[in-house]
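Here, each number is a calculation from the coordinates, and none is a lab measurement. What you see is a predicted model; the values in this text were computed from it and never measured. Cβ: placed from backbone, ideal geometry, glycine included. Neighbour counts: every protein chain shown.
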Amino acid sequence: MNDTDTQTWSAKSSAELYGIEEWGGGYFGINNDGNVEVRAPGNGGRTAVALTDIIDGLQQRGLEMPVLLRIENLVDSRISILNDSFAEAIKVTGYKGQYRGAFPIKVNQQSHIVEEIARFGERYNHGLEAGSKAELMIAMSVLQNRESLIVCNGYKDAEFIDLGLQARKLGFKCIFVLETMAEVRLVIERSRELKVDPIIGVRLKLSTKVEGHWAEDSGDRSLFGLTTNQLVDIIDELRDAELLHCLELLHFHLGSQIPNIRSIRAGVLEACRYYIEMVSEGAPLKYMDLGGGLAIDYDGTSSVSGHSRNYSVQEYCVDVVEAIAQQLDAHDLPHPTIVTESGRATVAHTSVLLFNILDVGHFEPGPIPSQLPDNPHEQLSNLWHTLKMIEVNRLQENYNDVIYYRDQVRDCFFRGEINLRDRALAENLCLAGLQQIVALLPEMKRIPPELEALPEQLADIYYGNFSVFQSLPDSWAINQVFPVMPIHRLNEKPTRKATIADLTCDCDGKLDSFAGPEGETNTLSLHPVKDGEEYHLGVFLVGAYQETLGDLHNLFGDTNVASVRINNDGSLDFVHELHGDSIADVLSYVEYDPQSMFRQFRMAAEQAVRDGRISVSERQSMLAAYSESLRGYTYFER
Ligand SMILES: Cc1ncc(COP(=O)(O)O)c(C=O)c1O
């Protein structure tokens, strides 16, 4: 570490290090006190509140770490950006159709989120996408506006279809997107039975392929959608049933988090060809539904990396509108209403996972004695002398020697030729040697590949009070990178390199891939934890997919959740507070009965009293502690 660096370190240096201005989308930044602040759009400007102030407010209300913080204003802002950007693109290109958003409920089904989208989205006729009966029932209960769409994707049984047809009778614009031939027959049968015309869409399997995480699922191998042959069969089937006039929507979904705008444009152009052909077959199409795919810049690189995208929301809208207009104008067809089912682009920003650090594991040597013990073992002595030879122009050789002699010492230990204390000394010497090598690496002109991973192998492990499996499942399941950083002390240079381990005793329960301005790294810069002071980290952009996909690994349950709204004057409303799962809750999810567990425990305690192993008053306090634990939080409590 350079001392001058440490003295001149500022909030700006931290902003550059963590790339917060790049991935924060204007919603997150660092204030002059070195705290991360949320910048909520308000009256023409932005009102900022520090996350540390929000944490203070949460703690006063009894909500301890970890907490999933939702900032309601940010969902509103994302809905506005999406709708305003489409409106602007429609205006500047002279497009004659409209735009309708439909938020896919599966991306965040939590009632506070969906209700807020329905409430705020009403002014834009923003609707919902439902992929199951349960989601359709949510849509029917929260949407007030009959101009908003309810787009029904997924496989539909008769009950699903009946629900949707009833929604039609109630005046909802509820659209069945057909995925299979079986569905078309069921829709025909049920709509005849209930005597209501359905609005029908077809989901097409396009041949356009996209980059990014879902690349393998796009194109011909895509899991969903109708082939061209099936589309022709459906058109014939609907015509025969005299329901072709109900076929109003063409749907496609190229994949989520599409990094490259060129693939989106290519997909739209291909879909337009189908649109034109379907119209000439007699389908009175009105809607072109692009599904999801509008990507988030998780790593702040504005690139075609799978965690980013090379376009803005505004560019996305203009490209889509322009592509459709160009294609359809050439055939003199009216412009359809453009529908998108943007999920992550709507809700990712709204949630931040906040957690505290419980402990730090260092890979640093203890004190090194000034000399070796008398009559040292030959291999221990070799290791000792190797350390004296470390210099910058032979680091690879030094590394080889340190590891070789350490392994020799380990072999001798296995054979009983070296005792416990000499083995401990050897391990300490090895760590000291490796740390010396790491310190000299920056002076090398070219770092040999074998040494590149050494800093990471010696990085600290910060133990965080959270579960990757519960709160960041995509980080484990699909190596999704989320921005992670300390939320305070940002005027201070972070001098440690670390990976982060969670509370589960699982080797996968860790964060060791981080986004930064220089690309992905395996360690994160953090501050040394101070005795008696909490150190808080935030994982940002976690509002999409994470909450529902999370699981109960090691029985860590839902975290505490708080929704806040930032007012124009900078004051905060704590809109919702939700205590996370108690231990009794998670036990009951896996079919235990907490009451009978308590009874068993009481019987064991009673027996111990009878056997004279504990007193009656000890029994009482044990029972009270057990009962309190059942009601307690599943995470670490100070
Ligand atoms: C049919 C459909 N629509 C919309 C979405 C939402 O996608 P995104 O979150 O990329 O906007 C998905 C997700 O994969 C989907 O399958």
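Observations on the structure shown:
- The simple spin-label model puts a point 7 Å past each Cα toward its Cβ; for A158 and Q98 those points are separated by 3.6 nm.
- Per-peptide packing, taken as the mean over residues of other Cβ atoms within 10 Å, places 344-356, 450-462, 606-618 in the sequence 344-356, 450-462, 606-618 from highest down.
- DSSP beta bridges confined to the chain are antiparallel in about 50 percent of cases.
- Cross-link pairs exceeding 23 Å between alpha carbons, from the set K169/K205; K209/K286; K106/K286; K205/K286; K96/K205: K169/K205; K209/K286; K106/K286; K96/K205.
- Loop-resident sites, segment 366-420, for GluC sites (Glu not before Pro), counting at most 15 other Cβ within 10 Å (DSSP): E391, E417
- For segment 136-214, the list of GluC sites (Glu not before Pro) that fall in a loop by DSSP and count at most 15 other C-beta atoms within 10 angstrom reads E147.
- Whole-Hz Karplus values for segment 251-257 come out as 10, 8, 9, 7, x, 8, 6 Hz, taken residue by residue from phi with 6.51 cos²θ - 1.76 cosθ + 1.60 and θ = phi - 60°; glycine and proline positions read x.
- Distance-filtered residues of segment 268-301 - backbone nitrogen under 20 Å, label point 7 angstrom along H331 Cα→Cβ: 268-291
- Using alpha-carbon coordinates, inclination of helix 228-240 to the longest axis of the chain, degrees: 40 degrees
- FRET efficiency estimate (nearest 0.05) - Cβ-Cβ, K530 to S615, R0 56 angstrom: 0.85
- Between the amide H of E129 and those of F103, I105, V151, distances stay under 5 Å, these residues lying 5 or more places away or on another chain, with hydrogens modeled in the peptide plane.
- Taking the longest Cα principal axis of the chain as reference, the axis of helix 111-121 is set at about 50 degrees.
- Of all aspartates and glutamates in the structure, those lying under 12 Å Cα to Cα from K388, and not within fewer than 8 positions of it along the same chain, are D401.
- When each of the peptides 486-498, 437-449, 505-517 is scored by how many other beta carbons lie within 10 Å of its residues on average, the order from highest to lowest is 486-498, 505-517, 437-449.
- With neighbours defined as other Cβ atoms within 10 Å of a residue's Cβ, the residues T548, T499, T386, T559 order from fewest to most as T548, T499, T386, T559.
- Proxy reagent accessibility, fewest Cβ within 10 Å first, across F103, F469: F469, F103
- Within a straight-line Cα-Cα reach of under 17 Å, K12 can be paired with the following lysines, leaving aside sequence neighbours fewer than 8 residues apart in one chain: K493.
- Length gained when the stretch R185-E21 is fully extended (0.36 nm per residue, less Cα-Cα span): 53.8 nm
- Pair K445, D374: separation of 7 Å Cα→Cβ label points (nm): 5.0 nm
- Of the trypsin sites (Lys or Arg not before Pro) found in segment 536-606, no site is in coil according to DSSP while having at most 11 other Cβ atoms within 10 Å of its Cβ.
- Sorting V484, V177 by the number of Cβ atoms found within 10 Å of their own Cβ, with the fewest placed first, yields V484, V177.
- 0 to 90° range, to nearest 10: angle between helix 395-414 axis and the chain longest Cα axis: 70 degrees
- Only Lys, Arg (+1) and Asp, Glu (-1) charged, at Cβ; segment 466-570 dipole about Cα centre in debye: 340 debye
- Relative contact order of the chain: 16 percent, from C-alpha pairs under 8 Å at least 6 residues apart in sequence.
- Its Cα gyration tensor gives the chain an equivalent ellipsoid, and the semi-axes of that ellipsoid, as √(5λ) in whole Å with the largest first, are 53, 32, 25.
- The alpha-carbon of K530 sits under 17 angstrom from the alpha-carbons of these aspartates and glutamates, leaving out residues fewer than 8 places away in its chain: D359, D460, E492.
- Sequence ranges 428-436, 115-123, ranked by mean other-Cβ count within 10 angstrom, highest first: 428-436, 115-123
- Additional length obtainable on full extension of the chain from Y404 to D359, 0.36 nm per residue less Cα span: 13.0 nm
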